[in-house]
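Shown next, in structure tokens, is the structure this report addresses.
The values are calculated or read from the model by the stated rules, or taken from the named source; none is laboratory data. Treat the numbers as computed from the prediction; the structure is a model and nothing was measured. With ideal geometry, Cβ positions are generated from the backbone for all residues, glycine too; neighbour counts draw on all protein chains shown. SASA here: full protein model, heavy atoms, side chains in, ligands and nucleic acids out. Shrake-Rupley method; radii C 1.70, N 1.55, O 1.52, S 1.80 Å.
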Amino acid sequence: MSFLPRSPSAIFLSTVGLLAVVAAVFPQWLTPYDPTGIDVTALLAAPSWRHPFGTDELGADVLARVIYGVRLELAIALGSVVLAGVVAIPCGLLAGYLGGWVDWVLTLVADSILSFPIVLFAVLIVASLGASVATLIGVLGFVFVPRIFRLVRGQTQVIRATGFVRAARAMGVRTPTILVRHILPNILGPLLVIVPQLMAIAVLIEAGLSFVGLGVQPPQISWGSLLLVSKNYYIAAAWYPLAVGTVTTLAAAALVFGGDLAAAAVNPSRRRV
Amino acid sequence: MSEVLLEAEDIRIRFAKRSGRKNQVVRAVDGLSFAVDPGETFGLVGESGSGKSTAGNAAIGLQELFSGTVRYRGEPMPVPGSARWRDLRRQLQVVFQDPFSSLNPRWTIRQALSEPLKLHGLASAEERDGAIARLLEQVGLGAELAARYPAALSGGQRQRVCIARALAVQPELIVCDEITSALDVSTQAQIISLLQDLKAQTQVALIFISHDLGLVRGVADRIGVMYLGRFVETGETGKIFARPLHPYTIALLHAVPVPDPEREAARKHQPLHGEIPDPADPPSGCYFRTRCPYATDICAAEAPAFEEMEDGHRVACHHVREIEQGVRRS
Amino acid sequence: MSSLLHVENLGVTFETAEAPVHAVVEASMTIEPGQRVGLIGESGSGKSVLARAFMQLDSRRVTRFASGSRIDLDGRDVLSLPESDLHHLRGDVVSMVFQNPMHSLNPSFKIGTQLRSVLQAHRKISRRDATGRIVDALKAVDLPGAEQLVHRYPHELSGGQRQRVLIAMAILCEPKLIIADEPTSALDVTAQDTVLEIMIRLSDEQNIAVLMITHDMGVAARFCEVVNVMYGGRIVETADVRTLFSRPAHPYTAALLAATPDPARAEQEFRAIPGTQQSRLGVSSLACAFVERCPFAQDVCRNAPDMVPLGETHKAACHFAGELPLDRATPSP
């Protein structure tokens, strides 16, 4: 397939992505340390060759905790976006293609959700239903639905007007088939851009929520919960919160750039077959 | 007497248009009647806003009518989307203007040509490759193009694929909507020449929509000249070009530059004054009266009836007799 | 009388990420003052690039001119002019009218404002005098109600009216040459008729030379006095218009004429030219531009032919110029 990465940035980000997947599924391959190990001889040790990010207040290797945290990050980011997509993509296709009252109703619902401030809403839900990974995925998924819906709806409207869709209709192809075989493959590009962007938002919101105690609870490890704990030591062991914060930020950035590159790679006008 | 293939009777099509705060109605097609015989090529000619594309779409049931009927072999056009309407897609096909957007960029040519074959059950999976190769050959393309994507093909090649796609169902009539307007002259000649070969081979009828008068003269058996949704003149191509009777047709023929400098130098161009009226607010009576050198009071008072002058030649003009007799007003 | 525009051996190459594109190769042409010259070619022939070179409109960073190229405009060597001097040429000595009037007018500004900005860029002129000149220009292009028109926005006008506004803009500074790049291709037949009539009249009355770039042989026949035919980045034939249409000497010209529909002829030929144009990505071919598609090609055509003079103004780039049976059949009405 012609979309294998070729440019340096593409290769770099693909490697990062691959590492993230490995970190989520087989974290033990990437670090010899036990993230929950207690070592009273090396509390809050500074970064060294043995501990690139230093150790935390219980002696556990910080890098190991960050790596083990990838699993939850990925679960939350991916889970929320997939949940949103499962709902939003079909709705967007229908609203964009059929128009009329279907479009009117769906857009109304989507716009209403869009008007909620994300973080405030998340806080409210978590406060009433209790903090857990499932709640987080649910809340974020709910909030992402209108964003994916609008993109899909807009793109569907554009593609509906193109010659090949008109030709398909003129041929007698039925609407569901047109939606799935003609329109869906052609909205892949913009989706590939927005999905990682939303994942990045999910990572950052989780970090924020966990930071105020409304997110992931111990003993589960997430970067947000790490930030919550590490902030207490920012004077004595500044590398600790810095390391976690930097990784979080870079991950969000990598997601966004990766999305742009993936969309460009999938663009059919680049193919020279 | 052979049965008429397609017949449109007093069709009217309206679109809603919002201009500022007003809701306006655009009469895209305003009382059109025509018939197409099997194997015949009927040309729809007009400038922008004439409604020719809309009329072409309506003729094969792709456009909702405000009033009037379209009949295929005597049967009224079924509701779009219904099973019978889908069946008729086998008989009535269309090729659009822009070859660059008429093919799904993510599908190979094989996939694009398989779609009609699969949809209408015209070839089993084993037969399909053979059918596709034959279709490609029919339009003058090599079978090896089936594996490629539209981006690798030129505009002319893409348009041939679109024609092949329309032919795949072996239709009785194909609407050609400005199919060469986006192509170079030399490519256009290739496509038209292909179309003429296909006509001879398959006896397919065509509704050929174009603004290019030279093109239409070479392709159509009969033509209808449209202005703001109405016919101003219809009849045999040769007769209309040799002796146009409607002021608009006359103006059109005078306006088209001819690729012959001697003749051009000898002609006197008297460009038509005025602009095409707003289709949402057309003039009363005859739509053309605001630009017509023959217009008088009656032209504003009532729309002229479509009068038959001689065998098949029809004109809608109050002053057609004067024009016929060569009385000219400057 | 020295020529207004003299182009000698012009070669224009664009540096692209993949390979250089030789858009124009060894092109030579001349425009006399007040003359109406045509540049005929299909898409990809290089005609627009050639015209833009006269005013250096393409970015100088990516454009390379072949050594030996010369463009003499109104006595000045365009290729060696600094950007500041070029500014005086554009809009003043040479104006350009583009194809799509929707794209050439700013939808956010009134017509009068846009016209005035062009005038004031090149002349020291008061606002009141400018308005007077603008109204005169609008009247010269047969636009009714010129005094009110200056207060209207582009979207209030039709395509034909907009194109006439652009022509008015082009004549504001009394140019010596107007380059019109497919000015009527986006217009209806009746609007095209009006625009061509106006351009012919202005060219005659104000002695403005016009370079008409088009792919439409009918427009060329009506408008031009001299015609250059381009193919594959090269000018393949130059002739006065009557000679070109009745006695073409280059196979491409003849093929183009044969492929063009003629509304005044009962029988149409639609003789297609086999094959397609090649991409000019990469090394410039040393062969004749038309060799792949020419029905008369021989071995010698692997070497690009020079322009063969065939008369006072007639020349064709073909090894067999003047010897081939290319005569067009006389048309029957």
Practice problem: Mind grabbing the accessible area of C:THR313 for me, 1.4 Å probe, Å², rounded to tens? | Solution: 70
Practice problem: Using only atoms on other chains, find how many Cβ atoms lie within 10 Å of each Cβ of peptide C:186-199 and report the average. | Solution: 6
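Give me the number: length gained by fully extending A:ILE118 to A:ASN267, i.e. 0.36 nm times residue separation minus the C-alpha to C-alpha distance, one decimal in nm.
Length difference between fully extended and current span is 50.5 nm.
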Quiz item: Accessible area, 1.4 Å probe, largest first: how do B:TRP107, A:TRP239, A:TRP101 sort?
Solution: A:TRP101, A:TRP239, B:TRP107
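Give me the net charge of A:LEU58's neighbourhood, meaning all other residues with Cβ under 15 Å from the Cβ of A:LEU58; Lys, Arg count +1, Asp, Glu -1.
On the way: positive: A:ARG65; negative: A:ASP34, A:ASP39, A:ASP56, A:GLU57, A:ASP61.
Every neighbour counted, the sum reads -4.
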Practice problem: Pop out the carbon and sulfur fraction of the accessible area of the protein assembly as shown as a percent, whole number, probe 1.4 Å. | Solution: 56
Quiz item: With axes computed from alpha carbons, what is the tilt in degrees of helix C:189-206 against the longest principal axis of chain C, rounded to the nearest 10 within 0 to 90?
Solution: 80
Quiz prompt | Computed FRET value (nearest 0.05) for C:GLU8 with A:THR15, which takes r as the C-beta separation and R₀ as 56 Å | solution = 0.50
Quiz prompt | Calculated FRET efficiency for the pair A:LYS231/C:LEU286, C-beta based, R₀ 56 Å, to 0.05 | solution = 0.20
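Can you pull out the GluC sites (Glu not before Pro) in region C:1-92 whose DSSP state is coil and whose Cβ has at most 14 other Cβ atoms within 10 Å? Present the calculation step by step, with values, prior to reporting the outcome.
Numbers: sites: C:GLU8, C:GLU15, C:GLU18, C:GLU26, C:GLU42, C:GLU83; in loops: C:GLU15, C:GLU18, C:GLU42.
Sparse-neighbourhood loop GluC sites (Glu not before Pro): C:GLU15, C:GLU18.
Between A:ALA46 and A:ALA253, what's the calculated FRET efficiency when r is the beta-carbon distance and R0 is 30 Å? Round to 0.05. Write down the numbers at each step before the final one.
Values: r = 26 Å, r/R0 = 0.88.
The pair A:ALA46/A:ALA253 has a calculated efficiency of 0.70.
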Practice problem: Under a cut-off of 12 Å between alpha-carbon atoms, report the aspartates and glutamates in cross-link reach of A:LYS231, not counting same-chain residues fewer than 8 places apart. | Solution: A:ASP56, A:GLU57
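Between B:GLN170 and B:ALA151, what length comes free when the chain is fully extended (0.36 nm per residue of separation minus the Cα-Cα distance, one decimal in nm)?
Details: separation 19, 0.36 × 19 = 6.84 nm, distance 2.65 nm.
Extra length available between B:GLN170 and B:ALA151 comes to 4.2 nm.
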Self-check item: chain B: most fluctuating residue of B:VAL185, B:VAL216, B:VAL26 per GNM, C-alpha cutoff 10 Å
Solution: B:VAL185
Exercise. Of the options C:GLY160, C:THR131, C:LEU256, report the single residue whose Cα projects farthest towards the positive end of the charge dipole of region C:127-257 (beta-carbon charges: Lys, Arg +1; Asp, Glu -1).
Key: C:THR131
Quiz prompt | Farthest toward positive dipole pole in chain A [+1 Lys/Arg, -1 Asp/Glu at C-beta], among A:LEU94, A:GLY79, A:HIS51 | solution = A:LEU94
Quiz prompt | Protein-only accessible surface order, largest first, of C:MET307, B:MET309, C:MET102 at 1.4 Å | solution = C:MET102, C:MET307, B:MET309
Practice problem: Work out which helices of chain A, taken as complete DSSP H runs, extend at least 18 Å along their axis over the Cα atoms and score a mean Kyte-Doolittle of 0.0 or more, then list them. | Solution: A:8-25, A:62-98, A:100-114, A:133-160, A:188-211, A:239-266
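For the protein assembly as shown, what is the mean residue ellipticity at 222 nm derived from helices alone (per DSSP H run of n ≥ 4: -39500 (n - 2.57); sum divided by total residues; nearest 500 deg cm²/dmol)? Working shown, then result.
Working: 33 runs with 393 residues, N = 936.
Calculated mean residue ellipticity at 222 nm is -13000 deg cm²/dmol.
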Quiz prompt | Gain upon complete extension [A:VAL25, A:GLN217; 0.36 nm per residue less C-alpha separation] | solution = 67.1 nm
Quiz item: Once the dipole of region A:136-273 is set up with Lys and Arg at +1 and Asp and Glu at -1 on Cβ about the Cα centre, which of A:VAL139, A:TYR240, A:LEU261 lies farthest towards its positive end?
Solution: A:LEU261
Quiz item: Counting only the heavy atoms of the protein chains, how much of B:ASP184 is accessible to a 1.4 Å probe, in Å² to the nearest 10?
Solution: 30
Quiz prompt | Separation of alpha-carbon centers, region B:149-189 and region C:218-232, rounded to whole Å | solution = 28
Practice problem: Find, among the trypsin sites (Lys or Arg not before Pro) in region A:1-109, those assigned to loop by DSSP (not H, G, I, E, B) with at most 10 other beta-carbon atoms within 10 angstrom. | Solution: A:ARG6
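For C:ASP77, A:ASP56, give me the order by solvent-accessible area with a 1.4 Å probe, most accessible first, ignoring ligands, DNA and RNA. Can you show the working numbers first?
Numbers: C:ASP77 45, A:ASP56 5 Å².
Largest accessible area first, the list is C:ASP77, A:ASP56.
Output the antiparallel fraction of DSSP beta bridges having both residues in the protein assembly as shown, as a percent to the nearest 5. Walk me through the numbers before you get to the answer.
Working: 58 of 95 bridges.
In the protein assembly as shown, DSSP labels about 60 percent of beta bridges as antiparallel.
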Quiz prompt | Cα centroid separation - region C:1-37 against region C:67-95, whole Å | solution = 13
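Once you have a ≥ b ≥ c as the square roots of the Cα gyration tensor eigenvalues for region B:145-218, tell me rounded if a/c is under 1.5, and otherwise prolate or oblate according to whether a/b is larger than b/c. Intermediate results must be reported in sequence, preceding the final value.
Values: a/c = 1.96, a/b = 1.16, b/c = 1.69.
Cα axes put region B:145-218 in the oblate bin.
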Quiz prompt | Between helix B:155-167 and chain B: long-axis angle, C-alpha atoms, 0 to 90°, nearest 10 | solution = 80
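Within 10 Å of each Cβ in peptide B:262-275, how many partner chain Cβ atoms are there on average? Round it to a whole number, please. Kindly include the intermediate steps, with their values, before the conclusion.
Working: counts 6, 7, 9, 4, 0, 2, 0, 6, 2, 11, 5, 4, 3, 10.
The shielding value for this peptide is 5.
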Quiz prompt | Part-to-part distance (alpha-carbon centres) for region B:217-264 and region C:171-196, which is given in Å | solution = 24
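Please compute the average number of Cβ atoms from other chains found within 10 Å of each residue's Cβ in peptide C:251-260. Each step should come with its number before you reach the end.
Working: counts 0, 1, 0, 0, 3, 5, 3, 2, 9, 8.
Whole-number average of other-chain Cβ neighbours for C:251-260 is 3.
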